[in-house]
Amino acid sequence: MSYERLEQCPICGKEEFKNFLVVTDNAVSKESFVIVECENCTFKFTNPRPDQGSIGQYYESEDYISHSNTKTGIINRAYHVVRSITTKQKVELINRHSPAKGAVLDYGCGTGVFLSACKKDGWEVRGIEPNGRAREEAAKETGESIAQNLEEIAGEKFEVITLWHVLEHIHTINETLEELIKLLQEEGTLIIAVPNADSHDAQQYKADWAAYDVPRHLYHFTQPTMKRLLKRHKMKLQEVLPMKFDAYYVSMLSEKHKEGKTKMLSSVVNGYKSNSYAEKNGNDYSSLIFVAKRK
Ligand SMILES: [Zn+2]
């Protein structure tokens with residue numbers, strides 16, 4: 001096991017942080033991790049964190065369902081119903097920003113569900129997925145070969161690049177964003193979805209908030225910090241959209257952390273509360289989609 005400590009804030013480069021919260025990895029290791037907050041720009045990140053060579057073992061769990069297609073258990077069943085709805089919404093979103101369609105790159109495509117829907121809708125699709133098992137499933141799902149890393153698709157250009165709950169997992173966040181932006185067509189659209197650490201469910205569940213998901217989530221974005229990151233990369237924000245189902249899903253997982261079992265009623269109530277809060281308080285939904293283009 002090997003950890004690394006960031007000495008500089010990945011967004012603003014300043015070196016002063018305060019401890020924000022200590023969170024336990026409930027899904028896999030049961031280890032605790034510190035989330036720090038930058039004194040200058042308020043960016044929150046897991047620090048220290050397992051380095052790139054060590055992080056793999058924190059993904060080795062059957063509970064980590066973003067990489068699997070099992071349909072057992074009530075949470076997984078709900079997840080699959082919701083996924084078919086949200087996949088459709090994601091395809092509608094890219095069509096709205098790129099009506100002529102073209103090529104879409106999904107960075108961290110998981111098992112390829114989104115790409116498969118894009119392909120059926122008439123898009124050329126490209127996926128990158130570092131996890132071998134997920135990559136094989138994605139290749140089957142899409143009928144396309146899936147790349148393991150960015151080097152494998154050098155020189156290609158895309159109308160749309162998407163990162164659905166992926167950016168918070170990337171050690172080399174600035175380098176990877178820079179590489180991805182180079183692959184965008186001049187008028188291309190970058191779409192980044194991440195959990196929102198300013199949401200009502202985050203504030204309510206605190207260390208039990210499932211979307212902290214340490215140490216797999218290295219960063220814990222908010223609207224101001226994501227805007228600052230996009231600015232650093234000379235990207236102009238077009239719109240911020242909610243992912244309303246995430247409030248229920250994250251509340252369900254958070255209740256399980258907190259109470260040791262699935263509590264459906266509280267999850268539904270708290271998911272609803274989170275979405276109502278966001279409607280009245282500056283769009284601070286449980287998860288947000290940031291849509292950006294070059295300046
Ligand atoms: Zn900072």
query: Which of the aspartates and glutamates could a cross-linker span from Lys258 if the Cα-Cα distance has to be under 18 Å and same-chain partners fewer than 8 positions apart are dropped?
result: Asp25, Glu31, Asp63, Asp201, Asp208, Asp213, Asp246
query: HN-Hα J couplings of segment 18-30 from phi, Karplus 6.51/-1.76/1.60, θ = phi - 60°, integer Hz, Gly and Pro as x?
result: 10, 5, 9, 6, 9, 10, 9, 6, 6, 6, 10, 8, 6
Mean Cβ neighbour count within 10 Å, used as a protection proxy, ranking 205-211, 265-271 highest first: 205-211, 265-271
- line: Here the tail fraction of P(r) beyond 24 Å, over all Cα-Cα pairs of segment 3-138, rounds in percent to 51
Any cysteine of the chain lacking a neighbouring Cys Cβ under 4.7 Å - listed by number: Cys109, Cys118
statement: Across Ala154, Ala278, Ala103, the residue with the highest GNM fluctuation in the chain (Cα network, 10 Å cutoff) is Ala154
query: So what are the ³J(HN,Hα) numbers for segment 99-114, from phi and the Karplus equation (6.51, -1.76, 1.60; θ = phi - 60°), rounded to whole Hz, Gly and Pro as x?
result: x, 7, 6, x, 10, 10, 10, 9, 8, x, 7, x, 8, x, 4, 5
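Here are some pairs, Lys227/Lys273; Lys101/Lys227; Lys206/Lys256; Lys119/Lys140; Lys88/Lys244; which of them have Cα atoms lying more than 23 Å apart in this structure? Walk me through the numbers on the way to the answer.
Numbers: Lys227/Lys273 25 Å; Lys101/Lys227 26 Å; Lys206/Lys256 14 Å; Lys119/Lys140 13 Å; Lys88/Lys244 14 Å.
Beyond 23 Å between Cα atoms: Lys227/Lys273; Lys101/Lys227.
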message: Using a Cα-Cα cut-off of under 21 Å, which lysines could be cross-linked to Lys231, ignoring same-chain neighbours fewer than 8 residues away?
response: Lys14, Lys44, Lys182, Lys293, Lys295
message: Can you compute the helix-only [θ] at 222 nm over the chain? Use -39500 (n - 2.57) per DSSP H run of at least 4 residues, normalise by all residues, nearest 500 deg cm²/dmol.
response: -11000 deg cm²/dmol
message: What distance in nm separates the two pseudo spin-label positions at Val268 and Glu4, each 7 Å out from Cα along the beta-carbon direction?
response: 4.5
- prompt: For the chain, how big is the tail of P(r) above 25 Å, as a whole percent of Cα pairs?
  reply: 47
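Computed from the coordinates by the stated procedures, all read-outs in this text should not be read as laboratory data. Just so we're clear, the structure is a prediction, and the values are computed from it rather than from any experiment. Here the Cβ is made from the backbone with ideal geometry for all residues, glycine too, and neighbour counts use every protein chain on show.
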